[in-house]
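Participant: Before I ask anything, here is the structure I am working with.
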Amino acid sequence: MGYTIAQKIIKAHLLSGDMTVGSEVGLKIDQTLTQDATGTMAYLEFEAIGVPRVKTEKSVAYIDHNTLQTGFENADDHRFIQSVAKKHGIYFSRPGNGICHQVHLERFGKPGKTLIGSDSHTPTGGGIGMLAIGAGGLDVAVAMGGGAYYISMPKMVRINLTGKLQPWVSAKDIILEVLRIMSVKGGVGKIVEYGGEGVKTLTVPERATITNMGAELGATTSIFPSDEITKSFMAAQGREEDWSELSPDADAVYDEVIDIDLSKLVPMAACPHSPDNVKTIEEIGPQKIDQVCIGSCTNSSYLDLMRVAAILKGKTVSPDVSLAIAPGSKQVYNMLARNGALADIIEAGARILECACGPCIGMGQSPNSKGISLRTFNRNFEGRSGTRDGQIYLVSPETAAASALTGVFTDPRTLGDAVDIPLPEKFEYNDNMVIEPAPVEEMDSVEVLRGPNIKPYPKTSPLEENIDVPCSLKVGDNITTDHIMPAGAKILPLRSNIPAISEHCFTVCDKDFPARAKQLGSSIIVGGINYGQGSSREHAALAPLYLGVKAVIVKSFARIHRSNLINAGILPLTFVNEADYDAISEGDELSIPNVRQLISEGKNLVIVNKTTGKEIPVECELSGRTRDIILAGGLLDYTKQNG
């Protein structure tokens, strides 16, 4: 039996375990990336591990999230990251150089290599054939120190693409169709691999759009073959020597196969408030809109923005619409400026933002109250835009630009003949905004600069013998990390200050939760299906840790968040019988007797609801290693104990 692309990379990087679906495998990591919203904590954790210099082939620290400087906090964090990167062997991508995933695809990614990043959209690298996986900051810190990265061996899904996209239909419409078919939880425990003749019709930027939003499926990662199209892209970036061919074996076996005929797709949108709530633009109809935002790590490539510029050229944005555009990288920005496309965009009335995540992470451009905003981003969770009642739709750049001109949802197929934008034979690259680390012989003389906003990692302790605590919060299905630990311009600057950021924990769901949790001292949270979907932000585990949360009991977890809970030493428990979710109410006194002994022996647990007298069986699926992490009180303690 042959191997899939992902299985080939896993096999080549396997340090421990076997490739049986569901079993734990430890992988050698070639590259890492961080961004500034998660990077401060990741580097504090790396320092705590005590390894003097990173052991990966390349690690890059990007500044792209917290770039709105309304106080000293973000600037201080950037200074800290720059100094710690210089000292410990990490390349530093300065503010303004671009969004981590866009820049990494352009300048550093290599087919066949493993990459983990402290950002859930790290799978963007799958567009060039990398095994690129989003992870918590502590997992990234361990990998930078030379440790393995552990995952449960995923199932393999092949999405077989046939045909060719019709004019004005784009890669964004492909991934929206995949989300419509699979849902936001349909990729959990799976790697999505794209194949078929239709793959040959897609450029690398288009492939990267698709793998980027594979994160919204809950998938471990998504990946395309590395072929002649990949080679041409990398040659145009001056990196042809980094290319290698990668394809599945002819007899590779997949656990699931999904067929999509590209020629049958039409322009679509993900409607509020979930990326899988997909309808066609035609179904939505000519509804009035208030705002359009184009950019993010999903759709800010040269190809995307050249198409936008062609649509806007010689026209004017509707007076009822605010249009904001953020290029994904300095490279894209420079090329648009040099060829005149930027002038066309500005002339049409667009507001040009810096090369950063910006509105996607809630950093500015919040829509008006109840405003309808069309965005080329990857997430439209409630409140993520910064406007609690904002109505956010996810669309392609073509749909976004066409709608910005008319002031209503507009199918771009009404624009007439499609614009043909070829990728350049040579990109205008310049890495002068990437600062190399200090040489080994100079690293000891580098001072790490810490501002007053940077606080230590929360205090941890080994797992107790018994847990007797109340339920401090009960939430429903599809709780996102934006619910648990909101983003936005007011909260993101506190990412390096867990005591301060914990004041905002779960306030989207219950504004009184932080105060109640602190008053209780220790507690348990109860949730529904797909708990913790969305961002990789480990703050969604660290803030509850700081607030005394000992366990989270849910119907099912999203992959990264479950790992982050384990890393923080918080018990991730699932109901044996989902109906038992109804047997716990907020305020109930809960007991988990003999928890340490039962976890040590690998046995399931029983929650005793002391308020009602009901006994509730729960599962705690842990491997030998993750069991030891929980017993130690978290991954940082475990790593210190085990060298």
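Participant: For the range 121-142, indicate whether the set of residues that are surrounded by fewer than 24 Cβ atoms within 10 Å (Cβ to Cβ) and of a type in the set (Ser, Thr, Tyr) is non-empty.
Facilitator: no
Participant: Continuing with this model, one more query. Starting from residues that are among the polar types (S, T, N, Q) and surrounded by fewer than 21 Cβ atoms within 10 Å (Cβ to Cβ), keep the ones in the range 145-186 and report whichever is nearest to GLU256 (Cα to Cα).
Facilitator: Keep residues of the range 145-186 that are among the polar types (S, T, N, Q), which gives 152, 160, 162, 166, 170, 183.
Restricting the remaining residues to those that are surrounded by fewer than 21 Cβ atoms within 10 Å (Cβ to Cβ) gives 152, 160, 162, 166, 183.
Working: SER152: 18, ASN160: 10, THR162: 17, GLN166: 26, SER183: 15 Å.
Ranking the qualifying residues of the range 145-186, first place goes to ASN160.
Participant: Something else now. May I ask you to list pairs of residues, at least six apart or on different chains, whose Cβ atoms are under 9 Å apart, with the first in the range 601-629 being over 14 Å from VAL552 (Cα atoms) and the second being assigned to a loop (DSSP other than H, G, I, E, B) and hydroxyl-bearing (Ser, Thr, Tyr)?
Facilitator: ASN609/SER585; THR611/SER585; THR612/SER585; SER623/SER23
So that you can scan it fast, the table gives a plain yes or no per residue for (1) touching a Phe, Trp or Tyr at 6+ places or on another chain (Cβ under 9 Å); (2) closer than 19 Å to MET443 by Cα:
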{"position": "VAL21", "(1), (2)": "no, no"}
{"position": "VAL25", "(1), (2)": "yes, no"}
{"position": "LYS28", "(1), (2)": "yes, no"}
{"position": "GLN31", "(1), (2)": "yes, no"}
{"position": "THR34", "(1), (2)": "yes, no"}
{"position": "GLU47", "(1), (2)": "no, yes"}
{"position": "PRO52", "(1), (2)": "no, yes"}
{"position": "GLU57", "(1), (2)": "no, yes"}
{"position": "ASP64", "(1), (2)": "no, no"}
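Participant: Another question about this same structure. Can you pull out every residue in the range 70-112 that is under 17 Å from SER496 (Cβ atoms), over 23 Å from the mean Cα position of the chain (by Cα) and in a loop (DSSP other than H, G, I, E, B)?
Facilitator: Once the filter is applied, which keeps residues that are under 17 Å from SER496 (Cβ atoms), over 23 Å from the mean Cα position of the chain (by Cα) and in a loop (DSSP other than H, G, I, E, B), the range 70-112 yields THR70, GLY71.
Per-residue answers, yes or no, for (1) acidic (Asp, Glu); (2) assigned to a loop (DSSP other than H, G, I, E, B); (3) within 23 Å of HIS78 (Cβ to Cβ):
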site	(1), (2), (3)
LEU374	no, no, no
ILE392	no, no, no
ALA404	no, no, no
ALA418	no, yes, no
ASN453	no, yes, yes
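Participant: Right, here's the next one. Would you confirm whether or not the range 495-509 contains a residue that is modelled with pLDDT of 95 or more, buried (at least 24 other Cβ atoms within 10 Å of the Cβ), in a loop (DSSP other than H, G, I, E, B) and touching a helix residue (DSSP H, G or I) at 6+ places or on another chain (Cβ under 6 Å)?
Facilitator: yes
Participant: Now for a different question. Provide a single number: the residues in the range 431-465 that are more than 30 Å from PRO95 (Cβ to Cβ) and surrounded by 12 or more Cβ atoms within 10 Å (Cβ to Cβ).
Facilitator: 4
Participant: From (1) closer than 24 Å to SER496 by Cβ; (2) at pLDDT below 95, pick out the condition that doesn't hold for MET1.
Facilitator: (1)
Participant: Also: One residue is enough: does the range 435-444 have a residue meeting the conditions in contact with a helix residue (DSSP H, G or I) (Cβ under 6 Å, 6 or more places away or on another chain) and closer than 29 Å to GLY314 by Cβ? Please lay out each step first, then the result.
Facilitator: So the first thing to find is which residues in the range 435-444 are in contact with a helix residue (DSSP H, G or I) (Cβ under 6 Å, 6 or more places away or on another chain), and the list is 437-438, 443.
Next cut, closer than 29 Å to GLY314 by Cβ only: none.
Among the residues of the range 435-444, not one is in contact with a helix residue (DSSP H, G or I) (Cβ under 6 Å, 6 or more places away or on another chain) and closer than 29 Å to GLY314 by Cβ, which makes the answer no.
Participant: May I pose another question? Against the conditions (1) over 22 Å from LEU520 (Cβ atoms); (2) surrounded by fewer than 24 Cβ atoms within 10 Å (Cβ to Cβ); (3) not polar (S, T, N, Q), where does ALA558 fall short? Just the number, please.
Facilitator: (2)
Participant: For a quick check of your reading: which helices (runs of 4 or more DSSP H) sit entirely within the range 521-617 and have at least 3 residues that are over 26 Å from GLU216 (Cα atoms) and over 19 Å from the mean Cα position of the chain (by Cα)? Spell out how you get there, then give the answer.
Facilitator: Numbers: elements: 539-546, 559-567, 595-600.
Once the helices (runs of 4 or more DSSP H) in the range 521-617 are filtered for at least 3 residues that are over 26 Å from GLU216 (Cα atoms) and over 19 Å from the mean Cα position of the chain (by Cα), what remains is 595-600.
Participant: Checking MET156 against (1) within 28 Å of ASP628 (Cα to Cα); (2) part of a strand (DSSP E or B): exactly one of these is not met. Which one?
Facilitator: (1)
Participant: With respect to PRO359, determine if the residue is assigned to a loop (DSSP other than H, G, I, E, B) and under 19 Å from SER403 (Cα atoms). Give the derivation first.
Facilitator: Values: assigned to a loop (DSSP other than H, G, I, E, B): no; under 19 Å from SER403 (Cα atoms): yes.
When the stated conditions are applied, PRO359 does not pass them.
Participant: Six or more apart or on different chains, Cβ atoms under 8 Å: show the pairs whose first residue is in the range 409-420 and surrounded by fewer than 20 Cβ atoms within 10 Å (Cβ to Cβ) and whose second is among the basic types (Lys, Arg) and at pLDDT 95 or above.
Facilitator: VAL419/ARG307
Participant: Still on this model: State which residue is farthest from ASN299 (Cα to Cα) when the search covers only the range 190-212 and only residues that are outside any strand (DSSP E or B) and either within 16 Å of the chain's Cα centre (by Cα) or without any contact (Cβ under 8 Å) to a residue 24 or more places away in the chain (or both). Steps first, answer last, please.
Facilitator: Of the residues in the range 190-212, the ones outside any strand (DSSP E or B) are 196-212.
Among the residues that remain, those that are also either within 16 Å of the chain's Cα centre (by Cα) or without any contact (Cβ under 8 Å) to a residue 24 or more places away in the chain (or both) are: 208-212.
Details: ALA208: 9, THR209: 6, ILE210: 10, THR211: 12, ASN212: 9 Å.
Ranking the candidates gives THR211 first.
Participant: Something else now. In the range 86-124, what residues are in contact with a Pro (Cβ under 6 Å, 6 or more places away or on another chain) and of a type in the set (Gly, Ala, Ser)?
Facilitator: GLY89
The values are calculated or read from the model by the stated rules, or taken from the named source; none is laboratory data. Bear in mind the structure is a predicted one, so any value in this text is a computation, not a measurement. Note: ideal-geometry Cβ built from the backbone for every residue, glycine included; neighbour counts use all protein chains shown.
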